[in-house]
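Peer 1: Structure in structure tokens, see below.
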Amino acid sequence: MEHAQRALVLTLVLVLPVLLVGAAVGLVVAALQAASQIQDPTLAHLPRLLAVMIALVLLGPWIGSQIGAFAEHMFVMASTHE
């Protein structure tokens, strides 16, 4: 049970920064759309998509290393519990 809980916490820690970037950009775009009264759906989604892609590119190495460290820990634990 401990390993499943650790996996879920790791998932939240890895996903949260990307979600926060998307939410923040979405909030800014929504405020700008409300102020300018431009209601183009493309304007709502494109900046958020680009921000999330940039966040994934920047955070990708860190995310990969965290997943790799967790997988290595799990394999070591599996090999010691024969």
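Peer 1: Can you give the FRET efficiency for VAL9 and LEU56, using 1/(1 + (r/R0)^6), R0 = 22 Å, r = Cβ-Cβ distance, to the nearest 0.05? If you can, show how the numbers build up before the last one.
Peer 2: Numbers: r = 20 Å, r/R0 = 0.92.
Calculated value: 0.65.
Peer 1: For the chain, what is the mean residue ellipticity at 222 nm derived from helices alone (per DSSP H run of n ≥ 4: -39500 (n - 2.57); sum divided by total residues; nearest 500 deg cm²/dmol)? Spell out each step's value before the answer.
Peer 2: Values: 2 runs with 75 residues, N = 82.
Calculated from helices alone, the mean residue ellipticity at 222 nm is -33500 deg cm²/dmol.
Peer 1: Obtain the nm distance between the two label points defined at ALA69 and LEU20 by a simple spin-label model: each point lies 7 Å from its Cα along the Cα-to-C-beta direction.
Peer 2: Taking the simple label geometry, ALA69 and LEU20 are separated by 1.7 nm.
Peer 1: Relative to the longest principal axis of the C-alpha atoms of the chain, give the angle of the C-alpha long axis of helix 2-36, reported between 0 and 90° and rounded to the nearest 10°.
Peer 2: It works out to around 10 degrees.
Peer 1: Please work out how much length the chain gains when fully extended from ALA44 to SER79, using 0.36 nm per residue of separation minus the C-alpha to C-alpha distance, in nm with one decimal. Please list the in-between numbers first.
Peer 2: On the way: separation 35, 0.36 × 35 = 12.60 nm, distance 4.89 nm.
Between ALA44 and SER79, full extension yields an extra 7.7 nm.
Peer 1: So how tilted is helix 41-80 from the main axis of the chain? Cα-based, degrees 0 to 90, rounded to 10.
Peer 2: Between helix and principal axis, roughly 10 degrees.
Peer 1: Still on this structure: Which of the following values of Cα extents along the principal axes in Å was calculated from the structure shown: (i) 64, 24, 14; (ii) 49, 30, 13; (iii) 49, 22, 21?
Peer 2: Identified label for the calculated read-out: (i).
No lab work stands behind these numbers, since they all come straight from the coordinates. Since the model is a prediction, treat every value here as computed from it, not as a measurement. Note: ideal-geometry Cβ built from the backbone for every residue, glycine included; neighbour counts use all protein chains shown.
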